[in-house]
Amino acid sequence: MPEKYHIKTQPVPPRRPRIGKYGVVDWREDCARCHNCVKKACVYDRYRQEAEYIRNLSDVDALFFDCMGCFSCVQDCTKGLLCMSINPAYENLGNSYWTPYIIKTTWLQAETAKIPVSGAGYQGPFAGYGFDSMWTDMSEIVRPTRDGIHGREYISTSVDIGRKLPYLDFDGDKATANPPHLVSIPMPLIIDMSSPAHTLPQLDAIITQTAVNTGLIAIIDSRHWSGDDKQLEHIAFYLGPDSTDIPKEALRKTRLVEIADSSKVIDRIKELKKMHPKIVVAVRVELTAAGVERAIQLAEIEEVEVIHIVADANGNEIGSTSSLQAGTQKPQFIKDIIRHIHTAIIEKGNRDEITLMAGGGVALPEHLAKAIICGADLVTINLPLLIALECHLCESCKPGMPCPAKLEKIDFDYGVGRMTNLIAAWHDQLVEVMGAMGMREVRRLRGDVGRAMFFENLEEETFGKLFGSRKNN
Amino acid sequence: MPQEEVSRVIKSAPPRYRNEIAKYIVHRNLNCKRCGKCAQVCLYKVHVLKPGYKYFGEPNNHLCIGPSCEKSSHYCVAKCPQGALQLKENPACKALGDYRWPADLILATWKMAETGDVPPKEYDYNYKCGNSGGGFDRLRFKFPDKPPVQLDESQIDTSISLNKRDDGRPKIKIDVPWYGGGMSFGSVSNVTQLSKARAAVAWNTFTCTGEGGYMERMRPYDDHVITQVATGLFGVREETIQRVPIVEFKYAQGAKPGLGGHLLGDKNTPAVARMREAVLGISLFSPFPFHSVYSIEDHAKHIEWIKHVNRRALISTKVSTPTDVDMVAVGSYSAGTHIVHIDGGYGGTGAAPDIAKKNIAMPIEYAIGKVHNFLMDEGVRDKVTLIASGGIRSAHDVAKAIALGADGVVIGTAELVALGCVRCSRCESGRGCPRGIATTDPELSKKMTIEWGTQRLINLYNAWRKILIGILQRFGMRSIAELRGRTDLLMHLDYTNPPSPGLRRTSDVGTKR
């Protein structure tokens, strides 16, 4: 049996007190001091844990709220002195896109490396914005598996990065063309550069080691490279317009490099290929208003192997925040942009030759699967890995401002462990949804919109026929 | 085994917790002189001043009707001579419930389970739908200004038939258009299972064992039990299949379609392990899919097997809602099933990966019409019973599902809410449900009794049936079967809903697709 892709993990407990969703407000002054106090009966033992925590309190701004929200104590207190509430610290996590739920579930996965499992049914809105407006399909009876009968352990998540041949040609038994060099990684995920706002000591080192542990590749801005050339196989240098040149010897140890889009992109690719013929070059295209068409245009250029499209952190077209705030224009979301670019390249007839990487707004493992279904070959992330370090996304990362998660104090092993755990949990969840879809190859999932159902289509097919037009159309 | 009868008597089943969560609370400040005026004027017995006691007891806030009392002559806040009372919204309600089950719907379900009646108008509960912003929550009935015919409650039939095939097997009818969903021994306590079974007896409907074996204590209720054959075959035996009138094949579950079943190790107690013939304490996973079924022909063989083992049993096929759920339904019909049970993506579960609950397979609202129409087009709609589940939370959801094309529904979470569930979603691990519902922990299971649980469910069923009858009365329909497929009686709040000659009007009662 061939060796399976497996990420070694171990639990990495949080450094900071957990921030739970619920808190119990207690009017202690009226307490009757019952001998059978409900606090002693807490199934989760939270009251005792909280008291112990407070006794050993060493950090003034740290709060303990890890109530499970079962209401048992609230409903059983002899004098009705307890009241359940939503923890304001929980509500303050993240923002409207990176919701408190996303932050919390990311923390949990970074701690345990496990797939979050819970009881009761789905509790959220019927459908939502962006990735929440689609569902993945599943297989059943008439076609239990798309790719034949196989166990979950046979599901492959590996992808190839680079330019592929449109077809193979043979002269007798011999191929007439040499296939171009490809980079294979075991999971359709690349760690992208962090935002300049999120500069932490050791961050690049932690990310690089995480890439090593997971067998993936991390994109590192060449300006921030430490000069350590030990793990270059897992690093893709980003060469921006004002980047520092990487020594030829170092570049030759890498497999992938990313360059900024420019009018001289062909020359730049040729130059890099000359230095290192086996290197695969990705072109980074910022998804501004012109970015979408530019990505489609790049796909037609023979020298271009990989296009990396990047939306803003919330998955929206870059620069759309102002129009969004003004309510003048609905920004395009990464899911729709991927579909548009993917379809356009298919129409031009060269989709299979190009690798499309997409980043921005990928916050949960289902987004990874959904982005691939929409047409990306692989996905790039950075913010989820920062959140794995217990970041609150409070967006107060400015010099001199205190970080509530004290990210500047993180330990190397802690950082690597948390990031590795998160990627392992995402991988397991990708396998879960692929198993449900009956898919054996993540490469075959790319652009297979038949493996998904879209809100607007289902609404039209179901309710549009019955109730006329949708009002917000 | 002699079958036990359970009376369909409606009687009060008060909350089992000391402080029922209330929508509004009355706060008494220190100005109170304990004159007792508030207790005298309040018609709802909110204020508790026991004879011989000097101080007020904890108020029955859950009985308070809130602001709708303000204009009445018995508004305690206005009548208090000291101005010592204040009416407030209960802040705890903000922490209760979620988009699908908002606090109002939970509180209303509790009220129905307590009284057996429709929540009185003055309580201002939204007991009709949730707040999810789509599907059932945006559908409304287009009631005519006045009913085409005036019908008495006794003239309205809410029963549905579960066997529409002429195959010599029993023509089973249930008195209400729903039955209880499969919940295995292991995922819920035996008190919960038995309460569900007894309520099913009282209402001449069914409950389902789920995949986890058939408790001997369920035997007095055999005639109202569906036993499940699922992919793990946990607890499946020939003698249990022979006991029951309906056997259900579970191919998938809405909350975790394509993923099989999960019972995490902590809930695999000695009793559960014995029942499932498994090793104590290990997590039990049912695979996906049935490894003996890779085609409709294989499915037909499965059905034949059960039909051979139990010659009086009806067969139900429970599937999830993929894109081609309509094909699956027709295929299942052709394989010989009596009931096609489609379970939508937002259904309940004792444990499921979060990624599956939200993202895999379509919500039931889309699937019902798709399946119903396809069965119609294939000309077999009246030969198979279509049952929908996965997000049926209220009697209005039942009616909407039927209007979209289902014959009836399966309910699960609503029953658990009636038993006191707050949807904290902690059913899956550790000792299980802290409220003693979805647990096999011996101590936690004692938090409720079978008698109380049975009564709560009997009451809930009664309230739901009353609501259904109210809907049918307004349409002038004599039977719930008349409502099936009547999408012309629905409107969607997010659509223009133009009056269309293609759409049937309310006066066209009796013509259905």
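No lab work stands behind these numbers, since they all come straight from the coordinates. Every value quoted in this text rests on a predicted model; they were computed, and no experiment measured them. Virtual Cβ from ideal backbone geometry, glycine too; neighbours counted across all protein chains shown.
To the nearest whole number, what is the average tally of beta carbon atoms from other chains within 10 Å of the beta carbons of peptide B:318-330?
Partner Cβ neighbours, averaged per residue: 4.
Under the √(5λ) rule applied to the eigenvalues of the Cα gyration tensor, what semi-axes describe the equivalent ellipsoid of the stretch B:74-178? Give them in Å, descending.
Computed over the stretch B:74-178, the values are 40, 20, 16 Å.
What percent do you get for the relative contact order of chain A when only Cα pairs under 8 Å and 6+ apart count?
21
For the pair A:ARG28/B:SER295, report the inter-label distance in nm, with labels modelled 7 Å from Cα in the Cβ direction.
Placing both labels 7 Å along Cα→Cβ, they lie 7.1 nm apart.
Starting from the Kirkwood radius over alpha-carbon pairs of the stretch B:24-89, derive D by Stokes-Einstein at 10 °C in a medium of 1.306 mPa s and give it in µm² s⁻¹.
135
Using a cut-off of 14 Å between beta-carbons, work out the net charge of the residues near B:GLU58 (Lys and Arg +1, Asp and Glu -1, B:GLU58 not included).
After counting each charged neighbour, the total is +2.
Just to confirm the filter: which GluC sites (Glu not before Pro) across the stretch B:255-320 are DSSP coil and have at most 11 other Cβ within 10 angstrom of their Cβ?
Within the stretch B:255-320, the qualifying GluC sites (Glu not before Pro) (loop, at most 11 other Cβ atoms within 10 Å) are B:GLU277.
For the stretch A:373-473, I need the span (max minus min coordinate) of the C-alpha atoms along each principal axis, in Å, sorted largest to smallest.
Reported extents, whole Å, longest axis first: 58, 38, 19.
Which whole-percent values make up P(r) of the stretch A:22-92 when all C-alpha to C-alpha distances are grouped in 5 Å steps starting at zero?
Here the calculated profile for the stretch A:22-92 is 3, 16, 25, 26, 20, 9, 2, 0.
Shielding by partners for B:56-69, please: the mean number of other protein chain Cβ atoms within 10 Å of each residue's Cβ.
Averaged over the peptide's residues, the number is 1.
Is there a pair in B:LYS33/B:LYS79; B:LYS23/B:LYS358; B:LYS256/B:LYS318; B:LYS94/B:LYS128; B:LYS11/B:LYS111 whose C-alpha atoms are over 21 Å apart, and which pairs would that be?
B:LYS23/B:LYS358
List the residues, sorted by chain then number, that are 5 or more residues from B:GLY261 or on another chain and whose placed amide H is less than 5 Å from its amide H.
B:SER286
Provide the net charge surrounding B:ARG219, with neighbours chosen by a C-beta distance below 14 Å and charges set as Lys +1, Arg +1, Asp -1, Glu -1.
Net charge around B:ARG219: -1.
Step by step: find N for the protein assembly as shown, compute 2.2 N^0.38 Å, then divide the Cα radius of gyration by it. What's the final number?
Rounded to two decimals, the normalised Rg is 1.00.
So what does the Cα-only Debye profile of the stretch B:1-159 read at q = 0.17 Å⁻¹, as log10 I(q)/I(0), no solvent term?
-1.12
Treating only the Cβ atoms of Lys and Arg (+1) and Asp and Glu (-1) as charged, compute the dipole magnitude of the stretch A:22-92 about its Cα centre; round to the nearest 20 debye.
Dipole magnitude for the stretch A:22-92 comes out near 360 debye.
Show which aspartates and glutamates lie in cross-link reach of B:LYS71 when reach means a straight Cα distance below 13 angstrom and same-chain residues fewer than eight apart are skipped.
Result set, ordered by chain and number: B:GLU122.
Using DSSP to define loop residues, name the GluC sites (Glu not before Pro) in the stretch A:235-316 whose beta-carbon has at most 10 other beta-carbon atoms within 10 Å.
In loop regions of the stretch A:235-316 (DSSP not H, G, I, E or B), the sparsely surrounded GluC sites (Glu not before Pro) are A:GLU302.
Through the Karplus equation 6.51 cos²θ - 1.76 cosθ + 1.60, θ set to phi - 60°, convert the phi angles of the stretch B:163-172 into ³J(HN,Hα) values in whole Hz; use x for Gly and Pro.
Each residue's phi maps through the Karplus curve to give 10, 9, 8, 9, 10, x, 7, x, 8, 7 Hz.
Give, as ranges by residue number, the residues of the stretch B:284-309 whose backbone N falls under 13 Å from the point 7 Å along Cα→Cβ of B:SER334.
Only B:295-300 pass the distance filter.
In nm, give the distance between the simple-model label positions of A:LYS248 and A:ALA177, each being 7 Å from the Cα along the Cα-to-Cβ direction.
Calculated label separation equals 3.0 nm.
Residue by residue through the stretch B:457-468, what is 3J(HN,Hα) from phi via Karplus (6.51 cos²θ - 1.76 cosθ + 1.60, θ = phi - 60°)? Round to whole Hz and write x for glycine and proline.
6, 4, 5, 4, 4, 5, 5, 4, 5, 4, 5, 4
Under a 5 Å amide H to amide H cut-off, with H placed in plane at 1.01 Å, what residues pair with A:ALA236 once short-range neighbours are removed?
A:ALA218, A:ILE219, A:ILE220
How tilted is helix A:46-55 with respect to the longest principal axis of chain A? Cα atoms for both, answer in degrees (0 to 90, nearest 10).
Between the helix axis and the principal axis of chain A, the angle is about 90 degrees.
At a 10 Å Cβ-Cβ cut-off, how would you order A:VAL292, A:VAL25, fewest neighbours first?
Ascending number of Cβ neighbours within 10 Å: A:VAL25, A:VAL292.
Please give me the summed charge of the neighbours of B:TYR75: other residues whose Cβ is under 14 Å from its Cβ, Lys and Arg +1, Asp and Glu -1.
Around B:TYR75, the surrounding residues sum to +1.
If the only charges are +1 at each Lys and Arg Cβ and -1 at each Asp and Glu Cβ, what is the size of the charge dipole of chain A around the Cα centre, to the nearest 20 debye?
For chain A, the charge dipole is close to 740 debye.
Rounded to the nearest 0.05, what FRET efficiency do A:GLU395 and A:ARG223 give with R0 = 22 Å and r taken as the Cβ-Cβ distance? Could you check?
The calculated FRET efficiency here is 0.40.
I'd like the orientation of helix B:103-115 relative to chain B: the angle between its Cα long axis and the longest Cα principal axis, in ° from 0 to 90, rounded to 10.
90
Quick one: compute the contact order of chain B, relative version, from alpha carbon pairs under 8 angstrom and 6+ residues apart, as a percent.
19
Cross-link candidates for A:LYS248: which lysines have Cα within less than 25 Å, leaving aside residues fewer than 8 places away along the same chain?
Filter leaves A:LYS230, A:LYS264, A:LYS270, A:LYS273, A:LYS274, A:LYS278.
For q = 0.05, 0.13 Å⁻¹, what log10 I(q)/I(0) does chain B give under the Debye formula with an equal point scatterer on each alpha carbon and no solvent?
Taken in order of the listed q values, log10 I(q)/I(0) reads -0.20, -1.26.
Which residues' amide hydrogens lie under 5 Å from the amide hydrogen of B:GLY476, considering only partners 5 or more residues apart or on another chain, with H built in the peptide plane?
B:VAL149
Assuming a viscosity of 1.306 mPa s and a temperature of 10 °C, what translational diffusion coefficient in µm² per second does Stokes-Einstein assign to the stretch B:270-380, Rh being the Kirkwood radius over Cα pairs?
It diffuses with D of about 99 µm²/s by this estimate.
Suppose each label sits 7 Å from its Cα in the direction of the beta carbon; what would the A:VAL449-A:GLN231 distance come out to in nanometres?
Here the modelled spin labels are 3.9 nm apart.
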